[in-house]
1. Just one of the numbered conditions (1) surrounded by 11 or more Cβ atoms within 10 Å (Cβ to Cβ); (2) of a type in the set (A, V, I, L, M); (3) free of Cβ contacts under 8 Å to residues at least 24 places away in the same chain is not true of Leu125; which one?
2. Could you grab the pairs with beta carbons closer than 9 Å, sequence gap of 6+ or different chains, first residue in the range 34-61 and under 25 Å from Val10 (Cα atoms), second one polar (S, T, N, Q) and in a loop (DSSP other than H, G, I, E, B)?
3. Go through the range 24-40 and report how many residues are surrounded by 15 or more Cβ atoms within 10 Å (Cβ to Cβ) and closer than 19 Å to Ile73 by Cβ.
4. For the range 1-23, name all the residues that are surrounded by fewer than 10 Cβ atoms within 10 Å (Cβ to Cβ) and not in a loop (DSSP other than H, G, I, E, B).
Amino acid sequence: NLSAAGQAPVRLSRPDRLVYSTHDYGPEESGQWWLQVREFPANLPDIWRTNWAYLQQQGIAPVLVGEFGGRSIGQDAEGTWQRSLISYIQEGRFSYTYWVWNPDAWIGGLTVDDRGNLNQAKLGLLRPGQAPLLGTPAR
């Protein structure tokens, strides 16, 4: 929660080097009240704006969503939260790192097995917010 960072910002001699990072967790990982109310998921953009997005939206500093992810991208609460956050990240042009890469049984990663086969459904959700590939990928 970076809600107080705007009132007590970090001051650097090189302000262009400041980036705030937040971790956002869904219903399976956290017991946050805003994930359990009747207004969910319509309440999420206001929660994110209050907790961390305002820093980038108001030009205070860029925000990296440094950790988010989950097993489900379906119609259940976890999937609804995850799809909502991905959409918010993409619309707000926030940088992000997805947790987790490996096929974690609890969290559910971007790979589905130890051979590196990818979860195409999750990648399909993330792809619109990815930067274009620079150069030629190594094979």
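1. Status for Leu125: all satisfied but (3).
2. Ile47/Gln32; Thr50/Asn1; Thr50/Ser3; Asn51/Asn1; Asn51/Ser3; Trp52/Asn1; Trp52/Ser3; Tyr54/Ser3
3. So the count comes out to 8.
4. Hits for the range 1-23 are Asp16, Arg17.
For every residue, the table says whether it meets (1) assigned to a loop (DSSP other than H, G, I, E, B); (2) closer than 24 Å to Leu2 by Cβ.
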residue	(1), (2)
Val37	yes, yes
Tyr54	no, yes
Gln75	yes, no
Ile86	no, yes
Ala105	yes, no
Gly135	yes, no
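Read the figures in this text as sums done on the coordinates, not as results from a lab. Here the structure is a predicted model, which is why all the values come from computation and not from measurement. Positions of Cβ are generated from backbone atoms using ideal geometry, with glycine treated the same way; all protein chains shown enter the neighbour counts.
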